[in-house]
Structures are given as structure tokens and as C-alpha cells.
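Data first, discussion second: the structure below is written as C-alpha cells.
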Amino acid sequence: MDERTISYVTSSQLLNLKPSPNIAVIDVRGDERGSDGHIAGSLHFASDTFPDKLPNLVEAVKGKDTLVFHCALSQVRGPTCARKFVNYLSEVNEDVGIKNVMVLEHGYNGWEASGRPVCRCTEINCKGECAEAT
């Protein structure tokens with residue numbers, strides 16, 4: 001991505017994209033992830049320590065071309081972390097193959113409220129093998 005931009009994706013669009021192995025969902029919520037559930041297969045990089053974990057995130061998403069960030073509502077933390085990630089890639093001038101950086105509209109709360117499948121496992125980085133329908 002030369003001119004890195006951030007776009008938004010709806011829950012329906014993400015549900016259609018999600019089966020692709022080239023997509024990573026990045027949950028930047030804090031402790032509420034453990035009690036509220038999460039999108040199956042999502043990676044957890046809490047916003048309060050996000051800047052320190054950027055190199056770890058780059059490593060975790062190697063081979064992916066699309067990242068979808070979200071928090072509870074995707075109004076502050078999700079978009080902010082998406083921008084920090086894009087800025088970090090520009091600063092280190094590292095091409096990791098990411099073509100699309102997106103933010104999930106209405107965040108996890110919107111995902112769950114629209115009846116999308118959620119996972120309630122306690123894994124930090126969910127493998128997506130949990131029973132999704134709750």
C-alpha cells in the first residue's frame with residue numbers, strides 16, 4: 001500500500017470475507033474481551049499496550065493481506081489502532097504485504113447485536129475452533 005488508507009467494513013461484509021485465510025481480525029478491546037466474547041479467530045492486541053506490541057502484530061499477521069480492526073463500538077480505539085498500525089508500517093518502511101486496513105463498523109457490539117457468531121473461549125489469540133453460535 002503506497003498511500004495507506006483505512007476503510008470501513010460492515011458486519012455482513014466481514015462475515016463474507018472472513019473465511020479467507022488472508023484476513024486477520026484484530027480486537028483492540030481490553031479486559032471486556034474476556035467477559036463479552038469475541039469474533040472467532042480474532043487476534044487480541046489491547047489498545048492500552050498497542051504501540052508497544054506493533055512489532056508482535058506485524059509478525060502475527062505475516063501472510064495476510066487484509067486487517068480488520070475493532071473495539072467495542074469502533075469509534076475510538078479501533079480506528080486509532082488501525083491508524084497507528086498504518087503509521088508504524090510507514091515509519092519502519094516495511095512491506096508486509098498488507099493491502100487493506102479496515103475498521104469494523106459498530107465494532108464488536110454491533111457484530112454481536114446483529115446476531116453474528118461470537119466465541120467465548122478464553123484464549124488470547126483465538127484459534128477460531130470454538131463453537132461460534134451463541
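The values are calculated or read from the model by the stated rules, or taken from the named source; none is laboratory data. What you are looking at is a predicted structure, and each value in this text was computed from that prediction instead of being measured. Virtual Cβ from ideal backbone geometry, glycine too; neighbours counted across all protein chains shown. Heads up: the accessible areas ignore ligands, DNA and RNA and are worked out on the full protein's heavy atoms, side chains in. Shrake-Rupley method; radii C 1.70, N 1.55, O 1.52, S 1.80 Å.
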Open item on the list: Restricting to the range 43-58, count the residues that are in contact with a Gly (Cβ under 8 Å, 6 or more places away or on another chain) and either of a type in the set (D, E) or open to solvent by less than 10 Å² (accessible area, probe 1.4 Å) (or both).
Closed with: 1
TODO: Could you figure out which of (1) in a loop (DSSP other than H, G, I, E, B); (2) surrounded by 11 or more Cβ atoms within 10 Å (Cβ to Cβ); (3) at pLDDT below 90; (4) out of contact with any Pro (no Cβ under 7 Å at 6 or more places or on another chain) isn't true of R33?
DONE: (1)
TODO: Report the residue count in the range 2-19 for those that are among the small types (G, A, S) and open to solvent by less than 40 Å² (accessible area, probe 1.4 Å).
DONE: 1
Open item on the list: One residue is enough: does the range 93-109 have a residue meeting the conditions of a type in the set (S, T, Y), in a helix (DSSP H, G or I) and open to solvent by 10 Å² or more (accessible area, probe 1.4 Å)?
Closed with: no
Task: Positions within the range 86-129 being of a type in the set (V, I, T) and either more than 24 Å from S7 (Cβ to Cβ) or in contact (Cβ under 8 Å) with a residue 40 or more places away in the chain (or both), in sequence order - done: V86, I98, V101, V103, V118, T122, I124
Task: Pairs where the first residue, in the range 4-16, is within 14 Å of D65 (Cα to Cα) and the second is of a type in the set (D, E, K, R) and open to solvent by 50 Å² or more (accessible area, probe 1.4 Å), C-beta under 8 Å, 6+ apart - done: I6/R83
Task: Unmet requirement for P19, which otherwise passes all of (1) part of a loop (DSSP other than H, G, I, E, B); (2) in contact (Cβ under 8 Å) with a residue 12 or more places away in the chain; (3) not basic (K, R) - done: (2)
Open item on the list: Would you confirm, using the coordinates I've provided, whether V25 is over 16 Å from T5 (Cβ atoms), among the β-branched types (V, I, T), open to solvent by less than 60 Å² (accessible area, probe 1.4 Å) and in a helix (DSSP H, G or I)?
Closed with: no
Open item on the list: Name the residue that is nearest to I26 (Cα to Cα), counting only residues in the range 78-114 that are touching a helix residue (DSSP H, G or I) at 6+ places or on another chain (Cβ under 9 Å) and modelled with pLDDT under 90.
Closed with: V96
- [ ] Restricting attention to the range 59-85, report how many residues are of a type outside the set (S, T, N, Q) and open to solvent by 10 Å² or more (accessible area, probe 1.4 Å).
- [x] 13
Task: Pair list, Cβ < 7 Å and 6+ apart or interchain, from the range 59-84 residues that are closer than 22 Å to E32 by Cα to residues that are of a type in the set (S, T, N, Q) and open to solvent by 50 Å² or more (accessible area, probe 1.4 Å) - done: A72/N109; L73/N109
